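The values are calculated or read from the model by the stated rules, or taken from the named source; none is laboratory data. Bear in mind the structure is a predicted one, so any value in this text is a computation, not a measurement. Quick reminder, even Gly has a Cβ in these numbers, built from the backbone with ideal geometry, and neighbours come from all protein chains shown. These area figures cover heavy atoms from the full protein model, side chains too; ligands, DNA and RNA do not enter into them. Shrake-Rupley method; radii C 1.70, N 1.55, O 1.52, S 1.80 Å.
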Amino acid sequence: MGGITLAQIRKLHASCRERGIDNDLLHEHIRMLTGKGSVKELTRRDAMRVIDSLEGKTSYCQNPASDKQMAYIRVLMRDLGWTDGLGNPDMERLDGMCRKYVKTDCHKWLDKSGASKIIEALKNMAGHNEIDICREAVHNG
């Protein structure tokens, strides 16, 4: 996951204006949440956490899943065919899995432990799919 997007920067500043938060207070809030000193240093995930916290969503994750974990989850989803019409991972389906396996409503709130559980479940599903494909090939072959 890359750096903060222009849309996130706009959303961040709009949220601050709506709440009367000045630049100094924003930077202090960013430091408190992420340990980073400026908006430009934020990753996309950091920006989501800051924006959500400004909007009063207090359930942001303290130990979020790593970018590598989230990338691996997306790869596994593609391997399983869990994609939309454009080939992008179906994040609503992932959210359903998060609710079932780790009692989290949204993939954005996965912590490292929850992401590991999701990865293992997806790997198991992928393994079962490979077995089913092999059985079908043997049966039809």
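Only one of (1) surrounded by 12 or more Cβ atoms within 10 Å (Cβ to Cβ); (2) part of a helix (DSSP H, G or I) fails for ILE21. Which number is that?
Only one criterion in (1) surrounded by 12 or more Cβ atoms within 10 Å (Cβ to Cβ); (2) part of a helix (DSSP H, G or I) is unmet by ILE21, namely (2).
How many residues does segment 1-29 hold that are more than 24 Å from TYR72 (Cβ to Cβ) and touching an Asp or Glu at 6+ places or on another chain (Cβ under 8 Å)?
Number satisfying all stated conditions: 2.
Name every residue in segment 1-18 that is open to solvent by less than 40 Å² (accessible area, probe 1.4 Å) and over 22 Å from ALA71 (Cα atoms), in order of residue number.
LEU12, ALA14, SER15, CYS16 - these are the residues of segment 1-18 that are open to solvent by less than 40 Å² (accessible area, probe 1.4 Å) and over 22 Å from ALA71 (Cα atoms).
Scan segment 85-127 for residues that are modelled with pLDDT under 90 and hydroxyl-bearing (Ser, Thr, Tyr) and report the count.
1
Restricting attention to segment 103-112, does a residue exist that is without any contact (Cβ under 8 Å) to a residue 60 or more places away in the chain and over 22 Å from VAL50 (Cα atoms)?
Yes - at least one qualifying residue is present in segment 103-112.
Counting only residues that are crowded, with 17+ Cβ neighbours inside 10 Å and in contact with a Ser or Thr (Cβ under 9 Å, 6 or more places away or on another chain), which one in segment 112-126 is nearest to ARG45 (Cα to Cα)?
If we take residues in segment 112-126 being crowded, with 17+ Cβ neighbours inside 10 Å and in contact with a Ser or Thr (Cβ under 9 Å, 6 or more places away or on another chain), then ALA115 is nearest to ARG45 (Cα to Cα).
Pick out the one residue from LEU42, LEU33, LEU54, LEU26 that is over 23 Å from CYS106 (Cβ atoms) and in contact with a helix residue (DSSP H, G or I) (Cβ under 7 Å, 6 or more places away or on another chain).
Exactly one residue qualifies, and that residue is LEU26.
Return yes or no: is ASP90 touching an Asp or Glu at 6+ places or on another chain (Cβ under 9 Å) and either open to solvent by 70 Å² or more (accessible area, probe 1.4 Å) or among the charged types (D, E, K, R) (or both)?
It is true that ASP90 is touching an Asp or Glu at 6+ places or on another chain (Cβ under 9 Å) and either open to solvent by 70 Å² or more (accessible area, probe 1.4 Å) or among the charged types (D, E, K, R) (or both).
Let's see how each residue does on (1) of a type in the set (S, T, N, Q); (2) surrounded by 14 or more Cβ atoms within 10 Å (Cβ to Cβ); (3) under 28 Å from CYS16 (Cα atoms):
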{"site": "SER38", "(1), (2), (3)": "yes, no, yes"}
{"site": "THR43", "(1), (2), (3)": "yes, yes, yes"}
{"site": "ARG49", "(1), (2), (3)": "no, yes, yes"}
{"site": "SER53", "(1), (2), (3)": "yes, yes, yes"}
{"site": "ASN63", "(1), (2), (3)": "yes, no, yes"}
